[in-house]
1. Quick one: is Pro40 free of Cβ contacts under 8 Å to residues at least 24 places away in the same chain and closer than 20 Å to Trp128 by Cα?
2. Could you go through the range 84-106 and let me know if any residue there is exposed (fewer than 15 other Cβ atoms within 10 Å of the Cβ), touching a residue at least 40 places away in the same chain (Cβ under 8 Å) and β-branched (Val, Ile, Thr).
3. Among the candidates Lys168, Lys156, which residue alone is in a helix (DSSP H, G or I), open to solvent by 80 Å² or more (accessible area, probe 1.4 Å), at pLDDT 90 or above and not aromatic (Phe, Trp, Tyr)?
4. I'd like to verify a number: residues in the range 196-216 that are modelled with pLDDT of 85 or more and open to solvent by 50 Å² or more (accessible area, probe 1.4 Å), how many?
5. In the range 115-135, what count of residues is obtained for those that are on the phi < 0 side of the Ramachandran plot and surrounded by fewer than 14 Cβ atoms within 10 Å (Cβ to Cβ)?
6. Can you name the residue in the range 51-72 that is farther than 20 Å from Phe16 by Cβ and either in contact with a Cys (Cβ under 8 Å, 6 or more places away or on another chain) or not in a loop (DSSP other than H, G, I, E, B) (or both) and is also most open to solvent (accessible area, probe 1.4 Å) among such residues?
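The values are calculated or read from the model by the stated rules, or taken from the named source; none is laboratory data. What you see is a predicted model, and the numbers here were worked out from it, not measured in a lab. For neighbour counting, all protein chains shown are included, and Cβ atoms are generated from backbone atoms with ideal geometry for every residue, glycine included. For the accessible areas, the whole protein counts, side chains as well, though only heavy atoms, and no ligand, DNA or RNA atoms are used. Shrake-Rupley method; radii C 1.70, N 1.55, O 1.52, S 1.80 Å.
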Amino acid sequence: MTLNTKIIIADDHPLFRQALSFMLKSSFVCSCLLEAQTIPELEQKLQETSDIDLILLDLDIPGAQGFNTLINIRHTYPEIGVIVISGFEEPETIRKAMNLGAAGFIPKSTPVPAMIKAINDVINGKLWTPIGSYNPDDDIVEQEDKLISLTPQQRKILLMFAEGLLNKQIAYELNLSESTIKSHASTIFLKLGVKNRTQAVILLNDRQMANASFTQ
């Protein structure tokens with residue numbers, strides 16, 4: 001780990017947070033550690049402290065609302081790495097967290113040496129998940145298939161979502177009713193396996209970075 005690395009531990013369990021803090025201080029003596037027990041506390045730390053390098057985020061922290069906090073952090077602070085540390089270890093949970101922009105996923109049952117390696121890998125620009133739980137190449141194929149399943153009109157609407165246009169503006173541009181745009185949006189979300197615009201645009205941006213051929 002580099003000098004002056006700043007890490008926020010966002011977890012509401014005092015004993016786990018204390019153990020994680022002790023582990024980091026013992027293994028990375030040059031790190032600066034901050035702690036947050038709730039999402040409002042995490043947001044306050046992010047606003048008050050510049051140059052945060054890494055967030056260790058518990059999906060169950062009060063106020064997290066599932067993956068919403070991960071999505072919001074990746075959108076608002078794209079330069080900050082996020083490692084999800086969770087008691088949920090199902091492959092689908094791991095894949096979803098990684099697909100939404102997490103740099104790593106550490107189950108809370110992970111042995112300490114593996115946790116240290118995982119955090120060090122992420123600090124050094126690598127992804128980390130338990131062995132066999134996530135293959136980014138599989139997700140690239142899956143995401144590509146989902147995007148291909150969209151009709152030309154749906155692809156155009158998705159690109160307009162990415163531009164930040166409102167349903168009303170899209171309806172005007174495409175000479176359609178706003179209710180038709182909402183219907184298309186629901187179908188797009190269903191096909192892409194997402195719940196809202198933000199997640200749809202994240203998926204689109206991930207694919208555009210991997211393959212610039214997605215066009216209208």
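1. no
2. no
3. Criteria check complete, one pass: Lys168.
4. The total comes to 3.
5. Residues in the range 115-135 being on the phi < 0 side of the Ramachandran plot and surrounded by fewer than 14 Cβ atoms within 10 Å (Cβ to Cβ): 4 in total.
6. Within the range 51-72, the match that is most open to solvent (accessible area, probe 1.4 Å) is Asn72.
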